[in-house]
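A.B. asks: Attaching a single structure in C-alpha cells format; questions to follow.
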Amino acid sequence: MIRSQPATFALADDERTMEFPFSSEYPVSRYFGNEVLSHDAGAADLSRLNDGAPLLFNHDPDRVIGVVERGWINDDDRRGYVSVRFSQNPFAQEVLRDVKDKVLRNVSFGYQINEMEHREDSFVATNWNAHEISVVSIPADPTVGVGRSLDVQPQQQPQTMEIMDNTPDVAAVQEATKAERSRISAITALCDKHNMADTARQLIDSGRSLDEARAAVLDKIGVKVEPVAEKAADIGLTVKESREFSFQRAINALANPSDRRMQEAAAFERECSDAAAAKAGKTAQGIMVPNDVLRRDLVVGTASAAGNLVGVDFRPGSFIELLRNRSALAGLGVASLTGLSGNVAIPRQTGAATAYWVAESGSPTESNQTVDQVNMSPKTCGAFTDYSRKLMLQSSIDVEQMIRQDLATVLALEIDRVGLYGLGNTNQPLGIKLTTGINTVNFAGAVPTYAEVVSMESAIAADNADIGAMSYLMNASMRGSLKTTEKASSTAQFIFEPGGTVNGYNAAVSNQVASGDVFFAVWSQLIMGMWSGLDLTVDPYTHSTSGTVRVVALQDVDFAVRHPEGFCRGADTL
C-alpha cells in the first residue's frame, strides 16, 4: 500500500540531503473504511528505511532518484521523518530543482500492514513497516507541506486524491488468498468424497466456484439438479380461465371419445392439457390438469388458500359427502415445489470448518466443510372414483364442485398421510416419522405431561433448529386429553390452552395423526415436490353394464426434509 502527503523539505549543507515528515496519523479513506497508521511506540517498523531504502519518483522502481539515509518517529508531533540524499543523475537533479523551487511539494511512501484493529469509525494499523519513499505530485495526507506550518490541522485542509501504483494492498491480498484457499479446500473435499480427483483439479484450475463445483459433481454422478419454482409448470391461465376449467367436461370427453358434442365442449380443457403436457415434457394418459388449476384445487399452497389439502366443503342440499379426516399439513407452512421434471437434488451443508487456537507464528490446521444432498424423485399416487353416467351428464355447478372435491380429497389425504408416515420404499415417499435424525421424546404414558411436551420444544432448540415458525400437530383424542390435563396439579391451567395453542404455540388437529403421537416442528423444513399436473383418465368399460364411469387420477409427488433436527415426535410407543 502507499500513502502520499505534502512535505516540508529541509535542505542540509550539502544541498542534496533533505529531512521531511513522510507519515502521520491522518485518516485516509480506503475501500474498507478510514485507515489510520498508529505512531505509538513499536507500531512502525522503519528497519528497511534505515537499511538504505530507495527514494523513488511516483513509486516507479525504474526511476530511483536517491536513497533513504535514516528514518525515525517524532513522539512530539506523532509523525514519521526521513533523511534522504538525492542522486547526482540528471533526472534526480531535475526533481531536486523542482523540490527546491517548491514545484514538487509532496511525498508518498509504500508500506505493509501486519496488524490492524477496528476502533470506533477507523481501522488502526498497530504494526506496519515502510519500504520506500517517493516524491509525488498529489498527496492523500494533507497535514504537512513545503511552506506550510507543521501545526496545520487535517480538518483545515481540503481532501486530496490518493495516488496509487502497483504496490499491492496486502490486506486485500491476504483476504483473497484466504478465500482462494477455502475454495480449493472445499472443492477438493467435495470431489474426494466422490473419488473425483481429476475433476477437482479441473474445477480448481478453471476458477470454478464451490456452487459450480457442486453442480458439476452432481452432473457426473448422474443426479440432475433442476431449477425449482412454485410456478414452473404454469401455462399462463388467468384466474378466470382457471375457474372455467371443468373437470366434468374433461371426464365426459374421456368417457365418450366418439361423442363429437362432448369433444367440442371440452376443447378448452384439451387445449390446456396439451399445453401442460408440453410444459412438463411428458404425455398425459388422459387429460393433464395444469398447475394453474391445481394450485386452487389440488396443490399444497398457502395457509390462507390451504391448496389441495382443504377440508371437506359439505353441500347437504346437493350431495351428502363422506366424512373424512381433515388434512394434517394444511396451513402449517409446508414448503411446496410444483412443476418439477426429473429427479431433484438440493445440496445441503452438513459440517463446518474447525477453529483452532494457535501459538505465536503458528498456523491453524486445515479443515473442510462437508455437504450432502436432499434428494427427491417422483412417486405416483393414484386413486379412482366411480360416477354414474347420469351424474356425469349433469351440468350443475354442484356436480362439478363435488367432482373437484372428491378427486382432490382422495389424493390429498393420502399424500398428506405419507408426509407424516410414508415408508420411503420404491413406491412411497419417506415421511417424517421414519426420517433419520428427527428428535423424539418418549412419553411415560398415553397422555404426555406438561414437562414432556415442553421437552419437545427444548430438543429442537438444543439442535439450533428453531429457525422458523413452529407448531404442534395431534389428533382429536389427544387434544381432548390435553384439554383436561393440568400443567401442574390444582392450577386449573391445562396443556391445551384456549385459542388452540400449547405453551403459546399453535396446535393443529387432524385424525391423520396416529393415536398417541404428537408432532412439534418447524414445518417449513418439510418440502413437498409435485411433478407435472394431475393426470385424469377414464375407464368407461369396467362397469359399462350399469353405465358407471370410473375416473382414475394420478399425481407424482415426493417429500423431503431439509433439517431433520427441526422435527420432534413424541409418543409412548417409541
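We did not get these values from a lab; they are worked out from the coordinates using the rules stated. Remember, it's a predicted structure, so these values are computed and weren't measured experimentally. Note that each Cβ is placed from the backbone with ideal geometry, even for glycine, and that neighbours are counted across all protein chains shown.
A.B. asks: When K433, K282, K240, K483 are ordered from fewest to most other Cβ atoms inside 10 Å of their Cβ, what list results?
C.D. replies: By the 10 Å Cβ count, ascending: K240, K483, K282, K433.
A.B. asks: Compare the peptides 408-420, 17-29, 364-376 by average per-residue count of other Cβ atoms within 10 angstrom and give them in order, highest first. Write out the running numbers ahead of the final one.
C.D. replies: Working: 408-420: 22.2, 17-29: 20.4, 364-376: 14.8.
Ranked from most to least packed, the peptides come out as 408-420, 17-29, 364-376.
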